[in-house]
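Take a look at the structure below.
The values are calculated or read from the model by the stated rules, or taken from the named source; none is laboratory data. If you're wondering where the values come from, they're calculated on a predicted model, not measured in any experiment. Please note: Cβ atoms are built from the backbone with ideal geometry, for glycine as well, and neighbour counts cover all protein chains shown. Keep in mind that these areas ignore ligands, DNA and RNA; they rest on the heavy atoms of the full protein, side chains included. Shrake-Rupley method; radii C 1.70, N 1.55, O 1.52, S 1.80 Å.
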Amino acid sequence: MPRGDKDKYTDKQKRKAEHIEKGYEDRGVPKNEAERRAWATVNRESGGGNKSGSGRGKPDTHVSSSRGGRARKSGSAEQRSAAARKGWVTRRKHGNG
């Protein structure tokens, strides 16, 4: 099998790579780089092609998907609340709120 051949990947893995690639392109990453990153992400989450052999149907880890992004909460509820209060005071002081 030549390098870059995606025959060993399931349809779900291929769809996931396309979706990830589109997200990178929307953020301005060049097409080739977006494709490379997308397949690297799929490989990191699923361990490569799952179409045949032992381990097929092994659940994905989604470790890459859960990293970063604004949705991830950082700090405890008290810390987030204190940061929100501090931001409100600053905005009020500068007349931006």
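Residue-by-condition table, conditions (1) surrounded by 10 or more Cβ atoms within 10 Å (Cβ to Cβ); (2) in contact with a Cys (Cβ under 8 Å, 6 or more places away or on another chain); (3) at pLDDT 80 or above:
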{"residue": "53", "(1), (2), (3)": "no, no, no"}
{"residue": "70", "(1), (2), (3)": "no, no, no"}
{"residue": "76", "(1), (2), (3)": "no, no, yes"}
{"residue": "79", "(1), (2), (3)": "yes, no, yes"}
Can you name every residue in the range 9-18 that is open to solvent by 70 Å² or more (accessible area, probe 1.4 Å) and either in contact with a helix residue (DSSP H, G or I) (Cβ under 6 Å, 6 or more places away or on another chain) or touching a residue at least 12 places away in the same chain (Cβ under 8 Å) (or both)?
18
Search the range 55-67 for residues being within 20 Å of residue 21 (Cα to Cα) and either among the polar types (S, T, N, Q) or open to solvent by 50 Å² or more (accessible area, probe 1.4 Å) (or both), and hand back the single one that is modelled with the lowest pLDDT.
67
Selection within the range 19-41 - exposed (fewer than 14 other Cβ atoms within 10 Å of the Cβ) and acidic (Asp, Glu)
26, 33
Within the group 34, 40, which residue is assigned to a helix (DSSP H, G or I), under 25 Å from residue 59 (Cα atoms), within 14 Å of the chain's Cα centre (by Cα) and free of Cβ contacts under 8 Å to residues at least 12 places away in the same chain?
40
